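Asks: Pasting a structure here, questions to come.
The values are calculated or read from the model by the stated rules, or taken from the named source; none is laboratory data. Keep in mind that this is a model prediction, so the values were computed, not measured. Cβ atoms come from the backbone with ideal geometry, glycine included; neighbour counts cover every protein chain shown. These area figures cover heavy atoms from the full protein model, side chains too; ligands, DNA and RNA do not enter into them. Shrake-Rupley method; radii C 1.70, N 1.55, O 1.52, S 1.80 Å.
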Amino acid sequence: MVSQDLKARVRCLAFSAIFLCIALPLGGLVQAQGADSATGGESAADARASSFRAVEGSDAEQVPGGSLLIGAYGVMWLFVFGYVWRLQKIHGQTREDIRRLELALAGAEQSGKAGGDSEGPEAGTDEADSSGA
Amino acid sequence: MVAFRTMGTKSQDRSVRLWRMLLGLTVLLIGGSLYEIFFVAPTEEQMGIVQKIFYFHVPSAYAMYVGFLVSAIGSAAYLKTRKETWDAIGVAGAEVGVLFCAMVLTSGPLWARKAWGVWWTWDPRLTTTLLAGMVFVAYLALRPSRGAGTTEKRFAAGLAILGLLNVPIIHYSVQRWRGQHPTVISNRGGGLSPDMYPALYMSFFAFTALVALLIWTRVRVEKTKQRVGELELRAARAGHLEEEEW
């Protein structure tokens, strides 16, 4: 079961690696071709030195620095708070699982004792490890 | 047994106190760095206000390196000792490293749009950073959210060590392959205006505290998950757990 799951994951990883190997050079190639077609095979500096070309579309490009700055800081803090929220969710869920399992084990041990089972409960082997990082 | 419990509680209390102190310090440092960035550091002459992305972009990259390094150290130690604590450290480092890598790869293009006129270019540093991020995303994808087996853990640990090899390549890619990426704070660069350094240093301190806090918290969460796994195993061995229930 585990090995099948691992096989599926390794296959997924292999596909991702193949995709990456194809996508990266293709991306570079497309960009290089785009640059070549824009400048006719010359470098951008050569193109600027040898000819003047009319701009297509709007005649001036205004990139709003303030919006980009706010966007960058906003997205970064969104990532941090999203991650903290996710950690909190996982922690809450695992604590609930621990509570349920401990209750189930304690109940089972009690019923074992009541049934005259002479075998004692497993000594708290996890006590030392539960103190956290 | 009782002594163990007492020691565990005391160490837990100390751990919680330290964690809260680190949280307070992180909040203070982040507040201080935001003040330095937006109220003290001057606006850059050529790029204008968008240059202020730099003060969080560069420390994010540094925090990413720290995360990946911690992951590789945890993974190497896990492969050697097979102790679950090291595995938890490996996962925590990888996850936090990927988080900061996402920050770098988001803030960078927003700056590049203004500075270079494009969102993305296949510059050596950008490409190698993307690759490092993908290696550690693969590390995380290899591990199921619940109950990773020993084989998966070992395979993932190997991948983390392999991923770390990419980190020096990211760092020296600008020097080796001459990309477009700025090199203002390296030996090749012209440096920053002296008024800009306090904001940068403050951000570095803030991100050091933040990465430590996040890794620590993630390790604790992972150890709690490992405890669930142990309890499930005990319950299953004792025959008190329905398999389909979990």
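Asks: Which pairs, out of A:K89/B:K10; B:K80/B:K223; A:K89/B:K80; B:K83/B:K223; B:K52/B:K114, put more than 23 Å between their alpha-carbon atoms?
Replies: Values: A:K89/B:K10 26 Å; B:K80/B:K223 19 Å; A:K89/B:K80 32 Å; B:K83/B:K223 11 Å; B:K52/B:K114 12 Å.
Correct reply: A:K89/B:K10; A:K89/B:K80.
Asks: Is region B:119-168 rounded, prolate or oblate when judged by the Cα gyration tensor, a ≥ b ≥ c being the square roots of its eigenvalues, rounded requiring a/c under 1.5 and prolate requiring a/b larger than b/c? The partial results should precede the final answer.
Replies: On the way: a/c = 5.60, a/b = 2.18, b/c = 2.56.
Because a/c hits 1.5 or more and a/b fails to exceed b/c, region B:119-168 counts as oblate.
Asks: On to the next question. Give the calculated FRET efficiency between B:S15 and B:L165 to the nearest 0.05, with a Förster radius of 35 Å applied to their Cβ-Cβ distance.
Replies: Working from the Cβ atoms, E equals 0.60.
Asks: While we're here: Which percent of the Cα-Cα distances in region B:52-245 go past 30 Å? Before the final figure, lay out each step's value.
Replies: Numbers: 5575 of 18721 pairs.
So the portion of pairs separated by more than 30 Å is 30 percent.
Asks: Need one number: nm distance between label points at A:V84 and B:R176, each 7 Å from Cα along Cα→Cβ, rounded to one decimal.
Replies: Label at A:V84, label at B:R176, 3.8 nm between them.
Asks: Of the peptides B:85-98, B:226-239, how do they stack up when ordered by the mean number of other Cβ atoms within 10 Å, highest first? All intermediate terms of the calculation are to be shown ahead of the outcome.
Replies: Details: B:85-98: 25.6, B:226-239: 16.4.
Order by mean packing, descending: B:85-98, B:226-239.
Asks: On a 0 to 90° scale, report how tilted helix B:84-115 is relative to the longest principal axis of chain B, with both axes built from alpha carbons and the result rounded to the nearest 10.
Replies: 20 degrees
Asks: Continuing with this model, one more query. Probe radius 1.4 Å, ligands and nucleic acids left out: which of B:M134, B:M47, B:M196 has the largest accessible area, and how do the rest follow? Write down the numbers at each step before the final one.
Replies: Numbers: B:M134 80, B:M47 55, B:M196 15 Å².
I get B:M134, B:M47, B:M196, largest accessible area first.
Asks: Hey, can you find the accessible area per residue of region B:69-153 for me, probe 1.4 Å, expressed in square angstrom?
Replies: Per residue, region B:69-153 has 37 Å² of solvent-accessible surface.
Asks: For the full complex of protein chains and a 1.4 angstrom probe, list A:R99, B:R20 by accessible area with the highest value first. Before the final figure, lay out the partial values.
Replies: Working: A:R99 120, B:R20 160 Å².
I get B:R20, A:R99, largest accessible area first.
Asks: Still on this structure: In what sequence, largest accessible area first, do B:F54, B:F68 appear using a 1.4 Å probe? Spell out each step's value before the answer.
Replies: Working: B:F54 30, B:F68 0 Å².
So the residues, ranked largest to smallest area, are B:F54, B:F68.
Asks: Now a separate question. Against the longest principal axis of chain B, how steep is helix B:124-142, in degrees 0 to 90 to the nearest 10, with axes from Cα atoms?
Replies: Once rounded, the angle reads 10 degrees.
Asks: Oh, and also: With labels modelled as points extended 7 Å from the Cα through the Cβ direction, what inter-label distance (nm, one decimal) is found for B:A236 paired with B:L192?
Replies: 5.1 nm
Asks: Please calculate the 1.4 Å probe accessible area of B:Y197, with all protein chains present, and give it to the nearest 10 Å².
Replies: 70 Å²
Asks: Can you give the mean number of other chain Cβ atoms that lie within 10 Å of the Cβ atoms in peptide B:100-107?
Replies: Going residue by residue through B:100-107 and averaging, the value is 4.
Asks: Within 10 Å of each Cβ in peptide B:208-219, how many partner chain Cβ atoms are there on average? Round it to a whole number, please.
Replies: What the average comes to for B:208-219 is 2.
Asks: Sticking with this structure for a sec: For chain B, find the longest principal axis of its Cα atoms and tell me its angle to the long axis of helix B:150-164, 0 to 90°, nearest 10.
Replies: Tilt of helix B:150-164: around 20 degrees.
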